[in-house]
Amino acid sequence: MRILILGGDGYLGWPTAMYLATKGHKVGVVDNLAKRKWEAEVGSSPLWPISSLQERIKIWHEINEVEFQCNYQHTMEMFVCDIAENRHLLYKIIEGFKPDTIVHYAEQPSAPYSQMDAQACVYTQRNNVLGTLNVLMAVLHADKSIHIVKLGTMGEYGTPNIDIEEGWLDVTHKGRTDKVLYPKKPGSWYHLSKVHDSHNLEFACRTWGIRVTDLNQGVVYGTDTNETLLNDRLATSFHYDAIFGTVLNRFITQAVEGVPLTVYGTGTQTRGLINIRDTIRCIELACETPADAGTFRVMNQFTEQFSIMQLAKRVQAVAIKAGVICVMNTIPNPRVEKENHYYNAKHTALTNLGLIPHLLTDDVLLDIYRQVEKHKSNINKDMIQPTVKWRQ
């Protein structure tokens with residue numbers, strides 16, 4: 001297939017691009033390179049240096065020239081475009097590349113960033129919502145048969161007191177039944193932007209016959225894929241700070257640095273998690289089995305669920321095995337969220353398509369721990385503590 005990856009410079013976009021290229025797909029990578037600007041804006045940086053997208057693609061082609069005798073199927077094309085602000089350039093890229101599938105990662109991905117101030121809130125909504133709308137308009141303009149695979153988030157659902165279904169809910173009300181989009185209770189301006197995306201995507205499917213797969217993803221962990229291991233300059237990013245880092249990355253980095261793990265509130269908040277290798281496999285499965293025309297297909301993309309305290313205890317145990325004294329501190333929760341809540345989210349669609357999960361074992365945690373340990377001198381302790389408060 002011809003697959004265009006929007007947000008191909010990111011933590012997930014870059015490994016996905018390499019993975020799909022090794023599978024024989026023709027890959028185009030689109031990015032406006034803004035994530036690096038956002039990091040600089042808040043004083044954050046990945047734990048280890050990340051090569052520019054241009055350099056990574058150059059190294060990728062050099063490696064494949066040796067390994068695959070420059071097989072055209074393993075090459076990539078790069079396009080620089082702000083999809084939220086330059087719709088006409090996006091039209092030209094899609095018209096020229098002629099993708100069968102568009103994988104859409106190109107959004108501001110941080111809940112804390114979206115909560116920093118009015119400017120960050122408005123920027124997040126504008127960037128994410130307008131970017132997705134422009135993708136829809138470009139597909140309508142170029143070829144309605146293009147399959148859009150959109151990265152959503154489990155955070156769209158919030159923590160309802162009923163089971164979380166995969167995108168849709170069967171409702172009986174006063175003796176009548178209907179199927180509706182699952183009610184959403186997002187916990188940040190970022191997550192709310194994803195809800196807007198989902199509604200816009202569903203509307204386009206229903207009215208224009210667009211085909212969309214919306215992958216509501218849990219927290220992703222992991223530092224390596226088979227492709228990133230080919231060369232240090234093909235590495236993807238690892239963020240541990242309180243703005244762009246995930247909870248698991250933060251805990252592991254704190255354990256390596258020898259500072260207490262910062263558990264927000266009671267730590268009983270429960271979330272779904274997924275290994276980065278499973279993320280790119282899920283993208284592949286969605287690409288290989290496109291949604292039907294006019295269908296808004298939703299899949300919950302995670303493999304396990306843990307409470308925050310469970311994750312902290314797992315990291316603590318691994319750190320102790322590594323010979324490090326590791327303690328936990330519960331701190332006031334800077335977020336506005338339920339801490340004691342029911343959480344039972346369905347996630348069978350992707351396993352039914354063939355996903356075989358990589359689970360969060362102690363060996364996996366220890367491998368990430370060792371990776372962080374190698375770069376311990378780069379840790380900025382000042383960036384780990386939360387500075388953004390949801391309640392103004």
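The values are calculated or read from the model by the stated rules, or taken from the named source; none is laboratory data. Please read these numbers as outputs of a predicted model, since none were measured by experiment. Using ideal geometry, Cβ is built from the backbone for each residue, glycine included, and neighbour counts are taken over all protein chains shown. In case anyone asks, the SASA skips ligands and DNA or RNA and just uses the protein heavy atoms, side chains included. Shrake-Rupley method; radii C 1.70, N 1.55, O 1.52, S 1.80 Å.
The set of residues in segment 340-366 that are in contact (Cβ under 8 Å) with a residue 24 or more places away in the chain and farther than 28 Å from E166 by Cα comprises D362, L365, L366.
Scanning segment 232-274 for residues that are small (G, A, S) and not in a loop (DSSP other than H, G, I, E, B) yields A255, G272.
Taken over segment 295-323, the criterion of being over 30 Å from A21 (Cβ atoms) and part of a loop (DSSP other than H, G, I, E, B) is satisfied by A322, G323.
Let's see how each residue does on (1) of a type outside the set (K, R); (2) more than 23 Å from the chain's Cα centre (by Cα):
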| residue | (1), (2) |
| --- | --- |
| V315 | yes, no |
| C326 | yes, yes |
| N340 | yes, yes |
| K346 | no, no |
| G354 | yes, no |
| P386 | yes, no |
| K389 | no, no |
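Is it the case, given these coordinates, that A255 is open to solvent by less than 20 Å² (accessible area, probe 1.4 Å) and touching a strand residue (DSSP E or B) at 6+ places or on another chain (Cβ under 7 Å)? Answer is yes for this residue. The set of residues in segment 146-184 that are farther than 18 Å from C205 by Cα and among the basic types (K, R) comprises K174, R176, K184. The criterion of at least 3 residues that are without any contact (Cβ under 8 Å) to a residue 60 or more places away in the chain, under 28 Å from K381 (Cβ atoms) and open to solvent by 10 Å² or more (accessible area, probe 1.4 Å) is met by the following helices (runs of 4 or more DSSP H) wholly inside segment 10-123: 34-42. Kindly indicate whether any position in segment 319-330 is within 29 Å of L181 (Cβ to Cβ), in contact (Cβ under 8 Å) with a residue 24 or more places away in the chain and of a type in the set (K, R). Within segment 319-330, none of the residues are within 29 Å of L181 (Cβ to Cβ), in contact (Cβ under 8 Å) with a residue 24 or more places away in the chain and of a type in the set (K, R).
Reported count of residues in segment 140-163, each being open to solvent by less than 30 Å² (accessible area, probe 1.4 Å) and within 27 Å of T246 (Cα to Cα), is 13. Might you let me know whether segment 164-185 holds any residue that is closer than 29 Å to P112 by Cα, among the polar types (S, T, N, Q) and open to solvent by 10 Å² or more (accessible area, probe 1.4 Å)? No, the conditions are met nowhere in segment 164-185.
Could you tell me which residue of segment 212-240 is surrounded by the fewest Cβ atoms within 10 Å (Cβ to Cβ), considering only residues that are under 16 Å from the mean Cα position of the chain (by Cα) and of a type in the set (D, E, K, R)? Filtering segment 212-240 for residues that are under 16 Å from the mean Cα position of the chain (by Cα) and of a type in the set (D, E, K, R), the one surrounded by the fewest Cβ atoms within 10 Å (Cβ to Cβ) comes out as D224.
Does I5 count as in contact (Cβ under 8 Å) with a residue 40 or more places away in the chain, open to solvent by less than 50 Å² (accessible area, probe 1.4 Å), more than 28 Å from K194 (Cβ to Cβ) and outside any loop (DSSP other than H, G, I, E, B)? So I5 fails the test. Among the residues of segment 343-355, some residue qualifies, meaning at least one is at positive phi and assigned to a loop (DSSP other than H, G, I, E, B). Scanning segment 356-386 for residues that are part of a loop (DSSP other than H, G, I, E, B) and either surrounded by 15 or more Cβ atoms within 10 Å (Cβ to Cβ) or modelled with pLDDT of 95 or more (or both) gives I356, P357, H358, L359, L360, T361, H375, I379, N380, I384, P386. The single condition among (1) outside any helix (DSSP H, G or I); (2) open to solvent by less than 10 Å² (accessible area, probe 1.4 Å) that S193 does not satisfy is (1). Pairing residues of segment 214-242 that are under 26 Å from N64 (Cβ atoms) with residues that are at pLDDT below 95 and open to solvent by 10 Å² or more (accessible area, probe 1.4 Å), at Cβ distances under 6 Å and at least 6 apart in sequence or on separate chains, gives L230/I63.
Among the residues of this structure, N329 does not count as one that is open to solvent by 30 Å² or more (accessible area, probe 1.4 Å), closer than 18 Å to P260 by Cα, touching an Asp or Glu at 6+ places or on another chain (Cβ under 9 Å) and at pLDDT 95 or above.
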